[in-house]
Structure formats: structure tokens, C-alpha cells
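For reference, the structure is listed below as C-alpha cells.
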Amino acid sequence: MSGKSLLTRRGLIRSGALGAGALVLSGCDKLYSNPAFRGALESAEDLHRASQRLLGREALAREYAASQMSPIFRANGNREVGDPFYKRHLAQAFERWVLTVDGLVRQPLALPLSALRTMPQRTQITRHDCVEGWSAIGKWEGPQLGHVLDMAGLADTARYIVFHCADSFGAARYYESIDLVDAFHPQTILAWRMNDRPLDEAHGAPIRMRVERQLGYKHAKYVMRVEAVASLDGVYGGKGGFWEDSSGYAWYAGI
Ligand SMILES: Nc1nc2c(c(=O)[nH]1)N[C@H]1C(S)=C(S)[C@@H](COP(=O)(O)O)O[C@H]1N2
Ligand SMILES: [Mo]
């Protein structure tokens, strides 16, 4: 897929809502580019967001039975990483790689993969929904992000968690960010295992985020560094994520 057509198509999915994605896919681009219609969609999204806040964003995303797992889980976005540092660690099965946890924390951490694998683990079978119009059910395992953040001790000023990734689109690094409600959600994990095997490169080795209440692009792959910040201003393009900066995707993609 060429970068250009990808960006153009993604540019149409401005709200990041699944419904908008479905409209684009069913050829309603004209309708969607109509400002009045867009306004209605966006206010519906606000309402939906408000009701989620009232119902509690702590609610769990649906979990599935092993028998419901998709036979094939597509890999999307970057499936390989060109960065030489990453390639070196991939070749060594990430044995000497460490995850950096820093920013507004009392105790910055450098966590080897072995440490992430031996902490208390959470396993969940969930459905991944990509705004490009596909979904897949997979099994994910890893420590809860909240547990890792508690080890580091968040400063009182921390408001967001930023995930810095190893891959890029052109010159732009992939990154994502979430607020503390999502960061401490029980299903938000640093997954190193997928479908009972260590994560492969295509799906984000050595670790990728699972933020189960959010759409696909929030699930950062190839996470190298977890940073606690007070504001997203000045972090890359300032909108909280690669697609948010480049294509106007909604930062809040919660369902
Ligand atoms: N680092 C990084 N994370 C990423 C992406 C990417 O290209 N790079 N693509 C996102 C998108 S749009 C989706 S749908 C999922 C795809 O995850 P998968 O390859 O495991 O299916 O990863 C998300 N996280
Ligand atoms: Mo996606």
C-alpha cells in the first residue's frame, strides 16, 4: 500500500469512529465530506463519549472464548522495522533489550524482557477493531501497564502516558498516548505474547500495547519507551499520536 493512498483514505476517517470508517468503506465519502453531516456525526460521537464517562470507563471490554479466536490475525500498518538498533535486538531475540520507563516518575526503570515476562501476567482474548474496516479476535498476554507505572511511581503532575515506537512512516516516528484512566485500566497490558507464542515482528515484537477499549491505531507496536508527561503539547506533532498528527484521527478512540 503506498503511503499516499493510505494517507488520503485515512484522511477521510476524521472522527476515528468505527461508524465513520464503515461509511467510508461503503462508499459514502460524499456524504461524509458534507459539513452538516460531519457535524451531526461528531456531536453523536461527543454524546457517546459523554455516556461512556457516565457509565464508567473502567468497564471491561468483552472477552471471548478460545474457540472464537480468528484463524488469521492480519498484521497492519508497519509489519517490519527498518531501524538498525531494532534490527540488532530482533536478531538477538531481544535478550539484551530493555524497555525504558521514564518522564514524570519517581523511579525511572529499564526493564528487560525477562522482567516483563516474570511479573504478574494478564491474559485476555479480545476483538481488535481497525478503522480500515477489519476486526480479529486474538489472545494477548503480558503485565498490566498500571503495575509497571506503580513500580516507577507516577509524579502527581503526570496526566498522559506516551508510547514511543521503533518504527516510522517516512521521517515520522509512530507513537501513541493515552490518559491515566486507560493507563490503569485492568485490560491495558504490555503484551509480549500473542496466541500463545512470543510476539512476532509483524505484530509488534518485543512488546505492543493492548488498550482494549480503544480502536486499533491506539495499540502501539514496537514499544521502546513509556514516558509519563503532564501535557501532549510538544510531544511530536502535539496531537497525541502518529495518525492524530498526520491524518486528523481522534485522539480519544474509546468504544
Ligand atoms: N508502531 C506501530 N504501531 C501500530 C501501527 C503501526 O504501523 N506502527 N499500526 C496500528 C494500527 S492502524 C493497527 S490496526 C494495529 C495493527 O496491529 P496488528 O499488526 O497486530 O494487526 O497496530 C497499530 N499500532
Ligand atoms: Mo488500524
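Please list 197-205, 219-227 highest first by mean number of surrounding beta-carbon atoms within 10 Å per residue.
Put in order of decreasing packing, that is 219-227, 197-205.
Are there any GluC sites (Glu not before Pro) in region 85-143 that are in a DSSP loop and have at most 15 other Cβ atoms within 10 Å? List them by number.
Answer in residue order: GLU95.
Of SER231, PHE163, LEU199, whose Cα points farthest to the positive end of the dipole of region 62-247 (charges on the beta-carbon: +1 Lys, Arg; -1 Asp, Glu; origin at the Cα centre)?
LEU199
In square nanometres, what is one fourth of the surface area of the convex hull spanned by the alpha carbons of region 62-247?
Projected over every direction and averaged, the Cα hull of region 62-247 covers 10.1 nm².
From Cα pairs below 8 angstrom and at least 6 apart in sequence, can you work out the relative contact order of region 62-247, rounded to a whole percent?
Computed over region 62-247, the figure is 25 percent.
In 10 Å bins starting at 0, how do the alpha-carbon pair distances of region 151-255 split up by percent?
Going out from 0 Å in 10 Å bins, region 151-255 shows 15, 49, 32, 4 percent.
Could you give the length gained on full extension between ARG74 and GLN121, defined as 0.36 nm per residue of separation minus the Cα-Cα distance, in nm?
Length difference between fully extended and current span is 14.5 nm.
Take the alpha carbon atoms of region 239-255, find their center, do the same for region 160-218, and report the distance between the two centers in whole angstrom.
With region 239-255 and region 160-218 each reduced to a Cα centre, they are spaced 14 Å.
Scan region 87-165 for trypsin sites (Lys or Arg not before Pro) in coil per DSSP, keeping those whose Cβ has at most 12 other Cβ atoms within 10 Å, and list them by number.
ARG96, ARG106
Can you give the Rg and Dmax of region 56-132 based on its C-alpha atoms, in angstrom?
According to the Cα coordinates of region 56-132, Rg and Dmax are 16.9, 43 Å.
Values in this text are rule-based calculations from the coordinates and carry no lab data. Just so it is clear, the structure is predicted and the values come from calculations on it, not from any experiment. Note: ideal-geometry Cβ built from the backbone for every residue, glycine included; neighbour counts use all protein chains shown.
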